[in-house]
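Worksheet: one structure, shown below.
Here, each number is a calculation from the coordinates, and none is a lab measurement. Keep in mind the model is a prediction, meaning the values are calculated, not measured. Cβ coordinates were reconstructed from backbone atoms using ideal geometry, including for glycine residues, and neighbour counts include every protein chain displayed.
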There are 2 protein chains.
Amino acid sequence: MAIEFKPIGYVHTEAQVVPRHWSVSQVEGRLVIDPQYQEGLKDIKPGQQIVVLFHFHRSPPFAPANLIQKPPHREARLGVFSTCSPRRPNPLGLSVVEVLAIQGNTITVKGIDMVDGTPILDLKPLVTDYQPDQPALESPA
Amino acid sequence: MAIEFKPIGYVHTEAQVVPRHWSVSQVEGRLVIDPQYQEGLKDIKPGQQIVVLFHFHRSPPFAPANLIQKPPHREARLGVFSTCSPRRPNPLGLSVVEVLAIQGNTITVKGIDMVDGTPILDLKPLVTDYQPDQPALESPA
């Protein structure tokens, strides 16, 4: 069963090289979102960190040999699901970036580790902790 | 341009109701991964938190009226990209779960907010912070 997604926008950056991971990146760039979704950006504010899900559109097809990989900054050979490698069964990327400015359908951010032209699939608020004081509001499964 | 993904496995839980978000969930369940990817799980250990990317397979198609939504636990009407709503342009979900056990291709976890049968698209290590002491190891964009 194939699941189809379409880009909601694209990453733009002038950087010719990008760091291996958002957590070590100070690179700036822009997330340019399709104008049809602009209204959905209204609560994204400068200073926030947001999650960007994107397509590793340049990754070669995944092969069984990629199940174990040595990340460039580690000595160990790790299972692919314990790495952030772009070469994974579904080439889905996740970065956390800091919003510097937002104007219309363009979000200027810091923390870019995607190459120029990367298709964006989703933006989400960053939630990092268990929040026992918040209501769970269960719904039928 | 459509981007195609395939499930790498499925979420299983006996829970009849699930909390609205992983950050308020103590619900347990299992992530059963396709055996062809089992080797890639070798470094996932009990006690770790991992990121699960999944398909909101029950969401109705996104419509422009969903660009602004009122989350069940909030008073405000928010832009969709500032919510974790399952009704979003690309129905991609992100949960952080705690690994309780792993055996073969089955990961037992706590923090389930997905319904039974949810297709899993990716598993990633949880990285939450800027890490200025780690090497950036830039690569050509």
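Couple of notes before you dig in:
- Listed pairs A:70/B:124; A:110/B:6; A:70/A:110; A:42/B:110; B:6/B:110 exceeding 21 Å between Cα atoms: A:110/B:6; A:70/A:110; A:42/B:110; B:6/B:110
- In order along segment B:110-127, the phi-based Karplus estimate (6.51 cos²θ - 1.76 cosθ + 1.60, θ = phi - 60°) of 3J(HN,Hα) comes to 10, x, 5, 10, 9, 6, 4, x, 5, x, 8, 9, 6, 10, 9, x, 8, 10 Hz; Gly and Pro are listed as x.
- Rounded to the nearest 20 debye, dipole of segment B:9-125 from Cβ charges on Lys, Arg, Asp, Glu: 480 debye
- Evaluating 6.51 cos²θ - 1.76 cosθ + 1.60 at θ = phi - 60° for every residue in segment B:56-73, the Karplus couplings come out as 6, 6, 9, 6, x, x, 5, 10, x, 4, 8, 5, 10, 9, 9, x, x, 9 Hz, glycine and proline recorded as x.
- Remark: label point of residue A:59 defined 7 Å out from Cα along the Cα-Cβ vector; separations to the same position in other copies 2.0 nm, ascending.
- Each part reduced to its alpha carbon centroid, segment A:58-133 and segment B:5-65 end up 17 Å apart.
- Label-to-label distance for residue A:106 and residue A:42 is 2.3 nm, based on points extended 7 Å past Cα in the beta-carbon direction.
- A simple rule links phi to the HN-Hα coupling: the Karplus curve 6.51 cos²θ - 1.76 cosθ + 1.60 with θ = phi - 60°, which for segment B:15-32 gives 4, 7, 10, 10, x, 5, 7, 4, 6, 10, 10, 10, 5, 9, x, 10, 9, 9 Hz, with x for Gly and Pro.
- In this assembly of identical copies, the label point of residue A:106 (Cα plus 7 Å along Cα-to-Cβ) is separated from its counterparts by 5.3 nm, sorted shortest first.
- Where labels lie 7 Å past Cα in the beta-carbon direction, separation of residue A:34 and residue B:127 in nm: 2.9 nm
- Neighbouring partner chain Cβ atoms per residue of A:43-50, average, 10 Å criterion: 2
- Nm distances between copies for residue B:17, ranked from closest, using label points 7 Å along Cα→Cβ: 5.5
- Between the residues B:10, B:80, B:115, the greatest Cα displacement towards the positive end of the dipole of chain B, with unit charges on the Cβ of Lys, Arg, Asp and Glu, is found for B:80.
- Counting Cβ atoms of other protein chains within 10 Å of each residue's Cβ and taking the mean over peptide A:7-20 gives 3.
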